[in-house]
Amino acid sequence: MLQSELTARRLKEKIPFHVLTLDEWSKNDINHLLERAQFFTGQPRQQPNNRYYAANLFFEPSTRTKISFEAAEKNLGLDVLHFEADTSSVKKGETLYDTVKTIESIGADIVVIRHGQERYFDELTRKVDIPIINGGDGCGHHPTQSLLDLLTIKQEFGGFEGIQVVIAGDIFHSRVARSNLDVLERLGADVRVSGPEGWMDETLMKRYLPMDEAVKSADVLMMLRIQHERHTVQMVAGPEEYHQRFGLTKTREKKMKPNSIIMHPAPINRGVEMDSDLVECDRSRIFKQMKNGVFVRMAVLDLCLQQSNGGISI
Ligand code: NCD
């Protein structure tokens with residue numbers, strides 16, 4: 001193939017081929033580039049070793065979920081397309097739909113989205129042709145967190161039937177609680193809740209246990225972070241009062257059953273939801289949950305991509 005004038009010039013100059021402006025591109029340079037692009041339009045994308053592109057679109061802060069999706073994607077051999085909401089065209093007012101459609105057009109085979117709007121995906125699923133994995137939608141759902149929690153419980157107890165799980169804290173604003181409540185019950189667990197009554201509704205109150213009772217009967221004590229960013233009115237209790245009334249104090253931990261475990265999706269407000277020293281205590285499975293997150297997300301990605309891979313695992 002003939003070199004473009006620009007390439008030839010750059011080769012002679014021995015400088016990297018930056019594309020900063022088209023100011024110095026001749027008509028021939030441009031035509032050459034366009035011909036090359038046209039050539040690529042007719043080429044099937046090379047997929048040695050099942051090469052797929054994944055994009056992680058996080059519009060809310062995240063450490064664990066985002067990085068563990070990325071690790072899962074890399075473990076499966078997927079290529080990760082980089083996206084940062086703060087430096088993307090979202091800042092210019094681009095809608096979520098246009099952003100996703102753009103990512104799809106550029107070639108993403110799968111997209112992971114976290115967004116503050118509950119059920120943001122309802123509109124997208126009708127119009128987007130690639131799998132969307134929900135990494136959390138406002139107070140709505142967080143399916144992969146729930147799956148990693150389930151894996152952690154199953155590894156510990158071998159199953160769910162008859163296991164008492166107490167979900168404690170800011171139930172009302174927590175997508176983790178919402179995702180877990182229903183699924184754990186369907187799997188046969190005895191699901192209870194604890195925390196400030198103002199964060200419960202009537203259906204939840206039927207399952208209510210005060211924290212002092214909860215610690216004695218729970219097999220799994222699943223603590224939740226206070227979702228300050230989703231509160232419309234300020235909390236009545238300060239951090240210390242919350243800790244004493246609703247949190248997992250060291251005194252309460254001592255009352256837990258010998259084989260019961262502590263979970264928390266993290267990030268943790270140390271000293272508020274739970275005593276800082278308990279984060280890494282023997283019965284804590286918090287870092288195990290994070291490890292499991294990678295495996296669960298690999299399985300989810302694999303499942304979603306099977307269709308594009310003729311029904312077989314990627
Ligand atoms: C949770 C979330 O974002 O919903 N965190 C997570 O994904 N590990 C819980 C939280 O932020 O409190």
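The values are calculated or read from the model by the stated rules, or taken from the named source; none is laboratory data. Only a predicted model underlies this, so the values are computations on that prediction, with no experimental measurement involved. When we count neighbours, we look across all protein chains shown, and the Cβ atoms used for this are built from the backbone with ideal geometry, even at glycine. Accessible surface is based on the protein model in full, side chains and every heavy atom, while ligands, DNA and RNA are left aside. Shrake-Rupley method; radii C 1.70, N 1.55, O 1.52, S 1.80 Å.
Annotations for the structure displayed:
- Cleavage-rule hits (GluC sites (Glu not before Pro)) in the range 128-222: DSSP loop, at most 16 neighbouring Cβ within 10 angstrom: Glu161
- Bins of 10 Å, starting at 0 and running to the largest distance - Cα pair percent for the chain: 5, 22, 27, 20, 12, 6, 5, 2
- Across the range 44-159, Cα pairs under 8 Å and at least six residues apart give a relative contact order of 26 percent.
- Kirkwood Rh in Å, taken over all unlike Cα pairs in the range 153-262: 14.3
- Each peptide in 28-40, 285-297 was scored by the mean count of other Cβ atoms within 10 Å over its residues; highest first, the order is 285-297, 28-40.
- Neighbourhood charge, 13 Å Cβ-Cβ cut-off, centred on Leu151 and excluding it, Lys, Arg +1 and Asp, Glu -1: +3
- The Cα trace of the range 217-288 gives Rg and Dmax of 12.4, 39 Å, the first to one decimal, the second as a whole number.
- Accessible surface of the chain, 1.4 Å probe, proportion on carbon and sulfur as whole %: 53
- Among residues other than Arg297 with Cβ under 10 Å from its Cβ, the summed charge is -3 (Lys and Arg +1, Asp and Glu -1).
- Count of Lys pairs (Cα-Cα under 24 Å; at least 8 positions apart or interchain) in the range 167-314: 12
- Here Lys101 is the anchor, and the lysines within straight C-alpha reach of less than 20 Å, apart from those fewer than 8 places off in the same chain, are Lys91, Lys92, Lys127.
- Accessible area of the chain divided out per residue, in Å², using a probe of 1.4 angstrom: 54
- Counting only Cβ charges, +1 for Lys and Arg and -1 for Asp and Glu, the dipole size of the chain around its Cα centre is about 580 debye.
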